[in-house]
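What follows is a single structure, written as structure tokens, with notes after it.
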Amino acid sequence: MIRAEKNKKVNKQNGQALLMAVVLFLFLSTTFIVGISDPILRQANITRDFLTSRKSYFAGESGIEDVIYRIKKNKQISASGTLALDGSTASVSVVSSTNTKTISVSANNSSIVRKVTSILKAGTGVSFFYGIQSGQGGFVLNNNVKINGNVFANGPILGANGVTITGSAISASSSSLGSSIDDVTVGANGIGDTAAYSVTNSTVAGGLYCQTGSHNNKTCNTSKVVPDPVGMPVSDLDITRWKNDAVLGGTINGNYTITSSTSLGPKKIVGNLVIDGKKTLTLTGVLWITGNVTMNNGASTTLSSTYGSNSGVIVTDGIVSVSNNSSFGGTGQSGTYIMVLTTSNCPISQSCNGSYAVDVSNNAGAVILNAQNGTVHLNNNATIKEVVGREVIFDPGSIVTYDSGLANENFSSGPSGGWNINSWNETQ
């Protein structure tokens, strides 16, 4: 009996030891697993937060890009707004001053915030993205007019027999009433779109985007809404600075007639400027004429070689008349032009006596014509590089040949109508 009790006691002690060993093993295993899983979970959280942070950052970058695109394309922007992208929300603000626009974006995804800021400054180029561009007056294109490039109107585009636009044609309006295109041939070889509320009697090589149409070579694609109007390429600030640059060269009081080939500029002329009878004016700086500018009988205006690869400007507050084989030329280098810009609103004003702000016939050459407040009239085989007007009228045979270099045209004087990126960085 004594021996049996001893054996029983020994077996009980062995069970306790085994239990303690199991508990110790479980404790050590749990400690080991926790020790391993903690950094794994921590790394998983870091990876998740990193991906979330990246989403937030990309939303901020997208907000910056969206605003810069709208600014460069002269689209309307508000001082603040919100952009949603892949679960992120980007709050955008734009602060504008005379020559600077500061774009700030704060993007949030799952409470992870990234902030991006970009500063745009006025550059040295005026952006002309279209062969011809008009305001609300739109375009009147008479028989056999040819536009080598794109056409954009904040109003109707009215064509006629033989009218050809080699690029795209867009009629924009804040309402459907002013957005229409009629009787034009647009594009070739499947390239060249048309966009307007109403398109009629037209042949379009590319996409025909309209809400209503008839007698076209294809049916309307209604997937796009009526395009929004865009601003003119030259700002009032640009014009003011060009005028100020002209004043720095001195002032001529009274009408000024070029009686022999001469160089001139920068200069302000309080009166009219007349170039007549095969005389040549060589532009050495910006000119500001308070009256009218008249060129006829083979007169010419060119840029001095000192302009190099830049272009020059003539600003006038009166009407511009170019006729009888008169012409414009650059420095001799490709991509150099003279821009003749008038602030006149003729023929809207009662004092215009029916005259147009710009009237060109029989040649013109390397010239950009700009009458953002008035009407440009081209007739008798006038040939130019670019034209902008509140309204533009083309008589039969007129030709506009858009130069791709005009998309960022450099002028030696004055500020830019476009915006350049000065800085772009993350602030948080």
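Here are the numbers for this structure:
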| quantity | calculated |
| --- | --- |
| Some residue of region 275-287 being assigned by TED's automatic domain parsing to the domain that holds residue 345, within 26 Å of the chain's Cα centre (by Cα) and either among the hydrophobic types (A, V, I, L, M, F, W, C) or at pLDDT 95 or above (or both) | yes |
| Looking only at region 285-309, and only at residues there that are within 14 Å of residue 328 (Cα to Cα) and of a type in the set (Val, Ile, Thr), the one that is surrounded by the most Cβ atoms within 10 Å (Cβ to Cβ) | 301 |
| Which listed residue is farther than 22 Å from residue 371 by Cβ and either touching a residue at least 60 places away in the same chain (Cβ under 8 Å) or within 21 Å of the chain's Cα centre (by Cα) (or both), from 153, 195, 169 | 195 |
| Test: residue in region 220-230 that is closer than 20 Å to residue 131 by Cβ and assigned to a strand (DSSP E or B) | no |
| Qualifying strands (runs of 3 or more DSSP E) (wholly inside region 131-214; at least 3 residues being outside the structural domain of residue 387 (by TED's automatic domain parsing) and surrounded by fewer than 22 Cβ atoms within 10 Å (Cβ to Cβ)) | 132-141 |
| Some residue of region 358-365 being modelled with pLDDT of 80 or more and in contact with a helix residue (DSSP H, G or I) (Cβ under 8 Å, 6 or more places away or on another chain) | no |
| Filter pass, residue 406 being more than 17 Å from residue 299 (Cα to Cα), at pLDDT below 85 and buried (at least 17 other Cβ atoms within 10 Å of the Cβ) | yes |
| Some residue of region 230-242 being acidic (Asp, Glu) and in contact (Cβ under 8 Å) with a residue 40 or more places away in the chain | yes |
| Residue match in region 324-336 (condition: in contact with a Gly (Cβ under 6 Å, 6 or more places away or on another chain), under 15 Å from residue 400 (Cα atoms) and modelled with pLDDT of 85 or more) | yes |
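The values are calculated or read from the model by the stated rules, or taken from the named source; none is laboratory data. Since the structure is predicted, the reported quantities are computational estimates derived from the model, not experimental observations. FYI the Cβ positions are ideal-geometry reconstructions off the backbone, even for glycines, and counts take in every protein chain you see.
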